[in-house]
Amino acid sequence: MALFLINRYLGDEEENEAANESRSKALLAKLQQRAKAREQQGLSGKGEREDRNPVPRDSDTVSEKKKNSALSESTSKKKKVKKKAKENKNEKADIDEHASREEEGAADGKVEETKSKNDSGDERKRETDVQSEPSTQDQGQKPSEPGFHILGGFEKKTVQKVQRVLPQWLAQPDVIQKDIRNNLVPVREVPGICPRLLQKLEDNGIHSFFPVQAEVIPAVLESVSCGLLVGRGGYRPRDVCVSAPTGSGKTLAFVLPVIQALSKRVICEVRALAVLPTKELAQQVYKVFCSYAEGTNLKVVMVSGQKTFAAEQAALSEKRGGVRRSLADIVVATPGRLVDHINKNDGFSLKHLRFLIIDEADRMIDSMHQSWLSQVTKAVYRGGSGSEMSIFGRTEPGPITAASLSIPQMPLQKLLFSATLTQNPEKLQQLDLHQPRLFSSVHTSGTTDSTHTEEKFHLPQGLTEYYVPCTLSKKPLLLLHFLLRSKFSPVLCFTNSREAAHRLYLLVKLFGGVEVAEFSSRLSAGERKKTLKSFEQGKIQLLISTDAAARGIDVNGVKYVVNYDAPQYIRTYVHRVGRTARAGKAGLAFTFLLGVQERKFLQMVRDAGSPGINKQIVKPESLRSMEERYEETLQELGKIIKEEKASQRI
Ligand SMILES: Nc1ncnc2c1ncn2[C@@H]1O[C@H](COP(=O)(O)OP(=O)(O)OP(=O)(O)O)[C@@H](O)[C@H]1O
């Protein structure tokens, strides 16, 4: 009697168990009967054979010899019988297995029952595994040959889902409130800001800090509280990563502490380097640095290709009496021009660099193929190893040891900023961060399902999102309807290519009634700068742009963003719509969606954490009165494009 009852989970088979039981019992009995019959047949067959071929007997043999031979004969007979029985037993097992396999497809669970009487628990389990996976056969694998045992290790196991585990610094960030208006902090309440900067802020009309500034400024100031050489407790300061919505004031969050930290410097050397992806952004950040460096000895220089290489070279350093002298404390650069200066400009030195600021960090990581970061690191530690171990000598940081701490050296602290900072640790690894500290408005749980890898971003609080279902042919009319009938102004409109931007610009211009301009790489840097200025001054009602203006550009007073072409990636969407609803203000974003785009786009926006996107329907009747003029315009547009193509301007 069994001491314990072990209930096994048999899945769906359990339900059919009762029905299958009687059949399997019958089958087992039948098989056992057949095996027995064979066994008997084998024995009787042997007896017959022996009768037919009797062992020849010699009448003259000694009786003892007879005895012995009789004895050995009976022993060998016994052995043979045993052997035969054994063979039959194996045969029976084979038959069982063969029969089980034959029955496999016909009755689930039946074979299971049969085998359970013969096999050990392990074999039974293996068999169950094999049976419970018809997919093996479905996938084109041969079913195992009847009569052969499946040896261990080949059964298909269920693949465990891998949990994505974020490092603690990513999983548990310092939280930044995304609601700007209700979380303003008076500038004088934030500790550590010098009186000169407080005055400057007041002069610039800034009386309160936005949440990101109230969190990040004290953190960076704290890392320089013991001077530029060492961080708190004598250790190398931690790198800082900031992920906060568009228009939340990230620029001031790095400009203010850097200016304050460097304002007491004695010798002019490049101590802060801000790297930005485009000339326009570099120009914007340069302006903010200049504004807050006013009244100090600090010199800010921009190297973005807006001036000639020689002019930038002259602005960065000079040689007096054969001695190089830096003319810049803070350099604002685009990666391409920066690498040019590192490689071709002898007067440009980064040996004293203390802050490396990477704005639009996720984009800058993606453009790592230019290897600008490794070039910067090389330039920082150039000539640092070996003989020149003075207070200014620098070696690339390694593990912390008593020896490594005995000579303090200028640490390089990285400050990363973006509205869509990647949470991909592999990508962030490329930046070689030192004990990073993350400030984020998005809180992600430490572990997530591997299938659910979408990253979440916060959109500005004051943003209202809409999507407008439309057809390809009616898209331009919709835009004109918003401008001429709904009187939207100023509108920043995005297309997916510069050709599309140019075509739409020509079409709106030909239709008339709207002050329109385009913004793309078709224009020179100078033309783009002029266009942005006119748009900011309110001289342009509609600016049609590629993604060149999607990131970072801070144009005051943009009330409407129109995604004329739906963006393909969520990051692009976040940055495009983030050109409105900045600094806690309100703004509207419209995305034109073709029928085929609707489902995927809406899913993408929802997955990224959008609070909700409203449907805006424009009735066809509303467009009817513009249709005739639109048709004429299309014909004119066709001619102009032909002419442009002929003169190869497109
Ligand atoms: N404390 C403040 N009070 C009032 N206005 C502010 C304050 N801080 C920043 N601003 C203004 O808010 C606007 C957006 O700031 P900023 O360009 O730094 O945003 P951002 O977070 O860098 O945006 P993006 O991610 O799009 O680059 C700017 O016009 C800036 O002058």
> Do we find a residue being within 16 Å of the ligand (Cβ to nearest atom) and either touching a residue at least 60 places away in the same chain (Cβ under 8 Å) or open to solvent by 10 Å² or more (accessible area, probe 1.4 Å) (or both) anywhere in the stretch 593-606?
Replying inline: no
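Evaluate the following for G584: is it open to solvent by 40 Å² or more (accessible area, probe 1.4 Å) and at pLDDT below 95?
Numbers: open to solvent by 40 Å² or more (accessible area, probe 1.4 Å): no; at pLDDT below 95: yes.
In short, no.
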>> Scan the stretch 474-485 and tell me whether some residue there is of a type outside the set (D, E), open to solvent by 10 Å² or more (accessible area, probe 1.4 Å) and within 16 Å of the ligand (Cβ to nearest atom).
In response: no
> Looking at (1) within 13 Å of the ligand (Cβ to nearest atom); (2) under 26 Å from the mean Cα position of the chain (by Cα), can you tell me which one E202 breaks?
Replying inline: (2)
> Does any residue of the stretch 479-487 turn out to be assigned by the TED database to the domain that holds E632 and assigned to a loop (DSSP other than H, G, I, E, B)?
Replying inline: yes
>> If I filter the stretch 553-571 down to residues being more than 14 Å from F519 (Cβ to Cβ) and within 13 Å of the ligand (Cβ to nearest atom), which single residue comes out as surrounded by the fewest Cβ atoms within 10 Å (Cβ to Cβ)?
In response: N556
> Got at least one residue in the stretch 217-230 being in contact (Cβ under 8 Å) with a residue 60 or more places away in the chain, more than 9 Å from the ligand (Cβ to nearest atom) and under 26 Å from A583 (Cα atoms)?
Replying inline: yes
> Has the stretch 275-288 got at least one residue that is of a type in the set (A, V, I, L, M, F, W, C) and without any contact (Cβ under 8 Å) to a residue 40 or more places away in the chain?
Replying inline: yes
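The values are calculated or read from the model by the stated rules, or taken from the named source; none is laboratory data. Everything quoted here is computed from the prediction, not taken from an experiment. Cβ coordinates were reconstructed from backbone atoms using ideal geometry, including for glycine residues, and neighbour counts include every protein chain displayed. Side chains are part of the model used for accessible areas, which takes the heavy atoms of the whole protein and leaves out ligands, DNA and RNA. Shrake-Rupley method; radii C 1.70, N 1.55, O 1.52, S 1.80 Å.
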